[in-house]
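*Asks:* What follows is a structure written as structure tokens; I'll ask about it next.
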Amino acid sequence: MYLAYFGLKQEPFSIAPDPRLLFMSERHREALAHLLYGVRGGGGFVLLTGEIGTGKTTVCRSFLEQVPENCNLAYIFNPKLTVLELLETVCHEFGIEVSRGGTVKDYLDPLNAFLLQAHAAGRNNVLVIDEAQNLSAEVLEQLRLLTNLETSERKLLQIILIGQPELREILARPELEQLAQRVIARYHLQALGEGEAAQYVRHRMDASGLDRPFPFDRRALQRIHRLTGGVPRRINLLCDRALLGAYAGGQATVTPRIVEQAAAEVFDPAPAQAATWRKPALAMGLGLALGAGLLAAATNAVREEPAAASAAPAPAAKADAKPAAAPEPPVSRQVALLDNEAAAWRELASSWKLSPGDGKPCEVLREEVQCANRKINLALIRQIDRPGVLTLDAGTSRPSYAILIGLGDKDAVLAAGGAEYQIPIAKLAERWQGEFGTMWRRAEVSKPADLRAFQVAQGLPADGVPGPFTSMQLNRAAGVDEPRLRKVP
């Protein structure tokens, strides 16, 4: 209904899985890395849990697309089965011909023969069970017994269990201790942080063909995160209704008021439930990934406190008092940004204890370091964990530059002209569109046999090519001495 109004080609917030709208946050990449690691783990269980709507299915679909070619895969999405039904389903998924209504032995014998034959041919066997919190204790025990199928060298079957948080509670029961001891990797998928949620909304709008100004203002995005707790499925429901509300009211921008009204229409307003959704968000911190950033009017300075300044902690509020609005900083100081890119790179080189003189560091120091300048997000910057040059106001005629030297959940620390300044990440996003330049030392580092697996484990695009960011992470894994970002509390 609102597609043409907002210049969209398809529904951006459909809850149906659409690969064109796939958004893999840092957490999703980490979860995927755990699953792919488990495939190569040589048997046992891998556990992936998460609240409803956090993206377990998204991770699972991505995993199924990246399973190595030497894997036989069985996938069960309806685990409300008896022991015999489970064994029959596993056999059918692996393409093993069995008769219905058999005994446990009638299924185990051909399954064991199949697994041994696959092992002899150099193939791995992986069983994925979705919604595994619905498995009965008897079926879980049978799954444990399946992992007893082995040779003298290794287990013959790898089992991946995907389910809601109660799956962890089930496996913690005393009677399932033997199974729990066979879990070789586990990951709990949490909801999106505030920055990731904003990036998620923008990504889905862009992927849906948005050809007009982004309709969600910053405060609306903050409200969306607060009301949904960063759960992607709830974000979809709320954003869809908010766009419909803006369309019905003839407004080009989704405001916090529209978001609140949309939330009242799609969510249960019970306070207890709202609190439940907010708790994970408070625990996770803010903004692990800001994408291209919000466009703002180009100004020549960011006004914030210098990093050295710190405010005294505010006294605790009384339980019955209304929370006070955050006070404005008592001191506002202009950040003296650099207006010359080469100067910014020279300042970055100095943090590496390198001296390029008045030349361009990446040319003068090419025997010592390599340089890369890419458009990336904060999630990847956190991943490679190294200082770099930020290009601010890139879309204007007067771009400026600063060195990112520290990063926390809420704040970043910039350096420019020998001074340091700590600013909120949200404020940085108003002027930074993702351009980031950094260095890595030239070093003879051996590459892993499976470079793609290394890239997945590092949260990098698994293209099998040792590009700049892969080289940086190879250096890090090899212990090459390189600067790291300062941790900001």
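*Asks:* Hey, what's the range 382-489 come to in accessible area per residue, 1.4 Å probe, Å²?
*Replies:* Ligands and nucleic acids excluded, the figure is 41 Å² per residue.
*Asks:* As an exercise, use a Förster radius of 25 Å and the Cβ-Cβ distance of E138 and H188 to find the FRET efficiency, rounded to the nearest 0.05.
*Replies:* Once rounded, the FRET efficiency stands at 0.45.
*Asks:* Convex hull over the Cα atoms of the range 111-169, averaged projected area in nm²?
*Replies:* Result: a mean projected hull area of 4.4 nm².
*Asks:* Give a residue-ordered list of calculated ³J(HN,Hα) values for the range 425-434 (Karplus: 6.51 cos²θ - 1.76 cosθ + 1.60, θ = phi - 60°; whole Hz; x for Gly, Pro).
*Replies:* So the Karplus estimates, Gly and Pro as x, are 4, 4, 5, 4, 5, 5, 10, 10, 9, x Hz.
*Asks:* A follow-up question, please. Can you list the residues, at least 5 places off or on another chain, whose amide H is less than 5 Å from the amide H of V128, using H built in the peptide plane?
*Replies:* A74, Y75, I76, I160
*Asks:* Same structure again: Taking a ≥ b ≥ c as the square roots of the eigenvalues of the Cα gyration tensor of the range 333-453, is the shape rounded (a/c under 1.5), prolate (a/b larger than b/c) or oblate?
*Replies:* Oblate.
*Asks:* Could you order I52, I160 so the one with the most accessible surface comes first? Probe is 1.4 Å.
*Replies:* I52, I160
*Asks:* Right, next: Using amide H atoms built 1.01 Å from N in the peptide plane, name the residues 5+ places from C71, or on other chains, whose amide H lies under 5 Å from its own.
*Replies:* N124
*Asks:* Normalising by the residue count of the range 387-435, find the relative contact order in percent from Cα pairs under 8 Å and 6+ residues apart.
*Replies:* 36 percent
*Asks:* Compute the relative contact order of the range 113-174 as a whole-number percentage, counting only Cα pairs closer than 8 Å that sit 6 or more residues apart in sequence.
*Replies:* 43 percent
*Asks:* Give the distance, in whole Å, between the Cα centre of the range 188-230 and the Cα centre of the range 232-258.
*Replies:* 11 Å
*Asks:* Continuing with this model, one more query. Applying the Karplus parametrisation 6.51 cos²θ - 1.76 cosθ + 1.60 with θ = phi - 60° to the phi angles of the range 394-409, what ³J(HN,Hα) value in whole Hz is obtained for each residue in order, glycine and proline being reported as x?
*Replies:* In residue order, the calculated couplings are 4, x, 10, 7, 10, x, 10, 9, 8, 9, 7, 10, x, 8, x, 5 Hz.
*Asks:* A 25 angstrom limit on the alpha carbon distance is what I want to check against. Which of K56/K427; K105/K155; K353/K447; K9/K56; K56/K80; K447/K487 exceed it?
*Replies:* Going by Cα-Cα distance, K56/K427; K353/K447; K9/K56; K447/K487 fall outside the 25 Å limit.
*Asks:* Modelling each spin label as a point 7 Å along the Cα-to-Cβ direction, I'd like the Q178/R398 distance in nm, to one decimal.
*Replies:* Output for this residue pair reads 7.4 nm.
*Asks:* Using 0.36 nm per residue, how much length does the chain from T82 to R219 gain when fully extended, once their Cα-Cα distance is taken away?
*Replies:* Result for the pair: 44.3 nm of gain on full extension.
*Asks:* Near the amide H of A412, under 5 Å away, which other amide H atoms are found, from residues 5 or more places off or on another chain, if H is placed in the peptide plane?
*Replies:* HN-HN under 5 Å from A412: I423, I425.
*Asks:* Kindly report, to the nearest 10 Å², the accessible surface of S14 as traced by a 1.4 Å probe over protein heavy atoms only.
*Replies:* About 40 Å², rounded to the nearest 10.
*Asks:* FRET efficiency for E341 and D211, Cβ-Cβ distance as r, R0 = 30 Å, nearest 0.05?
*Replies:* The value I calculate is 0.45.
*Asks:* Pop out the ³J(HN,Hα) list for the range 357-362 in order, Karplus 6.51 cos²θ - 1.76 cosθ + 1.60 with θ = phi - 60°, rounded to Hz; leave Gly and Pro as x.
*Replies:* x, 9, x, 7, x, 5
*Asks:* Can you work out the FRET efficiency for the pair Q261 and Q117, with r the C-beta to C-beta distance and R0 = 51 Å, to the nearest 0.05?
*Replies:* Step by step, r from the Cβ atoms, then E = 0.25.
The values are calculated or read from the model by the stated rules, or taken from the named source; none is laboratory data. Note that the structure is predicted; figures quoted are calculated from it, not measured. Every residue, glycine as well, gets a Cβ built from its backbone with ideal geometry; the counts of neighbours run over all protein chains shown. In case anyone asks, the SASA skips ligands and DNA or RNA and just uses the protein heavy atoms, side chains included. Shrake-Rupley method; radii C 1.70, N 1.55, O 1.52, S 1.80 Å.
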